[in-house]
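Every number in this text was worked out from the coordinates using simple rules, so none of it is lab data. Keep in mind it's a predicted model, so treat the numbers as computed, not measured. Cβ atoms come from the backbone with ideal geometry, glycine included; neighbour counts cover every protein chain shown.
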Amino acid sequence: MRIMVTGRNGQVGWELRRALAPLGEVVAFDRHEADLSKPETLASVIASVQPQVIVNAAAYTAVDKAEEEEGLAHRINADAVGVIAEAARKQHALLVHYSTDYVFDGASKNPYREDDPIAPLNAYGRTKLAGERAIEATGGDWLTLRTTWVFGLRGRNFLRTIMRIARERDTLRVVADQIGAPTSARMISDLTAHVVAHAQRERREGKFEPGVFNMTAAGETSWHGFADAIVATARELQGDVIKAAVVEPITSDAYPTPARRPQYSILDNEKFDRRFGLARMDWRQGLALTIDDLAAQ
Ligand code: NDP
């Protein structure tokens, strides 16, 4: 089986190269080799690879910057996704794509199910929703996996930012009124590999159904709770370099950002669990494993 991956240097893309390797030949592209800001170039790239599976891990993910660059974000997160979906359909390839809780407004008090009403609060959420719709409109064999609060060993992410500033400052002030499930990039890619294997079996047996699935870590916390856990674990592992003694909770109002964010980002994973029968780690377990890896580096 040949699997094409986009966004090979992203948090998830980088992990996918390892996780997908046991399934077959992984052909992974960076933004120069498969540039989603130039959707018109993608069909020929995909035709040259002739993949049986495409995993689209490339995305415009700069949530605040997207407020100013919605056109570019839309090209990458929606127009290009439509082109990839069409190429996948034509070549009878399975398309696995990622989306986000930011398609919801976060006003709910209960975990969001896949078909709950969507209402993105920001430009990034609108472009990701448009990407979901482009895939649905194209048809073929596709799976869209919605995830949340991704962190990992690489790239810009909350874990790495907190680890850095915990060495520089005595007190960290972190938003405590946004709730989510921090999900490790490594768990996302490991689950994705199992999902691909499962879906390919279903396709061979003529039992495959396309669909949107929530796929996040188990458990929930706030950004403040996440930061507190990061600092506590980092202190255990690297006590001598950690300066931060206090992680102070603040409200979102005290930390204004260009893009509004949902206050409640918990997704109900029941549909994913039922279809794929996989265990999703609690966010604390994912954090401990990731920090172990960082410490080993
Ligand atoms: P990253 O930002 O870590 O990686 C995105 C990748 O996309 C990078 O490798 C980047 O390239 C690449 N990329 C950006 N622009 C282009 C382009 N024009 N053409 C080709 N590639 C491009 O994202 P994640 O790994 O965290 O995200 C994976 C998926 O999960 C995405 O679909 C994202 O929307 C979704 N998601 C992410 C969340 C998060 O908290 N990060 C939360 C919920 C969903 P380069 O390395 O060169 O910058």
*Length added when fully stretched, ARG31-ALA218, from 0.36 nm per residue minus Cα-Cα*: 64.2 nm
_Ranked list, fewest to most other Cβ atoms within 10 Å of each Cβ, for SER48, SER252, SER265_ = SER48, SER252, SER265
*Considering only the chain, what is the antiparallel percent among its DSSP beta bridges, to the nearest 5?*
5 percent
*Mind pulling the per residue volume of the convex hull built on the Cα atoms of the stretch 207-251? Å³ is fine.*
131 Å³
*Local charge sum around LEU143 (other residues, Cβ-Cβ under 12 Å, Lys/Arg +1, Asp/Glu -1)?*
-2
*Hey, can you list the DSSP H helices of the chain whose Cα span along the axis is 24 Å or longer and whose average Kyte-Doolittle score is at least -1.0?*
185-204
*LYS90 paired with ARG173, simple spin-label distance in nm, labels 7 Å along Cα-to-beta-carbon*: 5.4 nm
*Which value in Å does the Kirkwood hydrodynamic radius of the stretch 231-274 take, with 1/r averaged over all unlike C-alpha pairs and then inverted?*
14.5 Å
*Which net charge results when you count Lys and Arg as +1 and Asp and Glu as -1 among the other residues whose beta-carbon is under 13 Å from that of ARG113?*
-4
*Determine the alpha carbon to alpha carbon distance for each of LYS128/LYS243; LYS38/LYS128; LYS128/LYS271 and list only those over 27 Å.*
LYS128/LYS243
*Return, ordered by residue number, the residues of the stretch 78-107 whose backbone nitrogen is under 13 Å from a label point located 7 Å along Cα→Cβ of ALA47.*
87-88, 90-91
*For the stretch 153-297, how big is Rg over Rh, using alpha carbon atoms and the Kirkwood form of Rh?*
1.05
*How much space per residue, in cubic angstrom, does the convex hull of the C-alpha atoms of the chain take up?*
124 Å³
_For a quick check, take a GNM of the chain with Cα springs below 10 Å and name the residue from ASP268, ASP64, ASP116 with the largest mean-square fluctuation._
ASP116
_Tell me whether the stretch 90-138 comes out rounded, prolate or oblate; compute the Cα gyration tensor, take square roots of the eigenvalues as a ≥ b ≥ c, and use a/c under 1.5 as the rounded threshold._
prolate
_Which of TYR124, TYR112, TYR264 has the fewest other C-beta atoms within 10 Å, and how do the rest follow up to the most?_
TYR264, TYR112, TYR124
*Starting with the highest mean, order 175-184, 242-251, 95-104 by the number of other Cβ atoms within 10 Å, averaged over the residues of each peptide.*
95-104, 175-184, 242-251
*Tell me the Kirkwood hydrodynamic radius of the stretch 1-83 in angstroms, computed as one over the mean inverse distance between distinct C-alpha pairs.*
13.1 Å
*asked:* To make sure I understand, if each residue's beta carbon is the centre and we count other beta carbons within 10 Å, what order do LYS207, LYS65 fall in, fewest to most?
replied: LYS207, LYS65
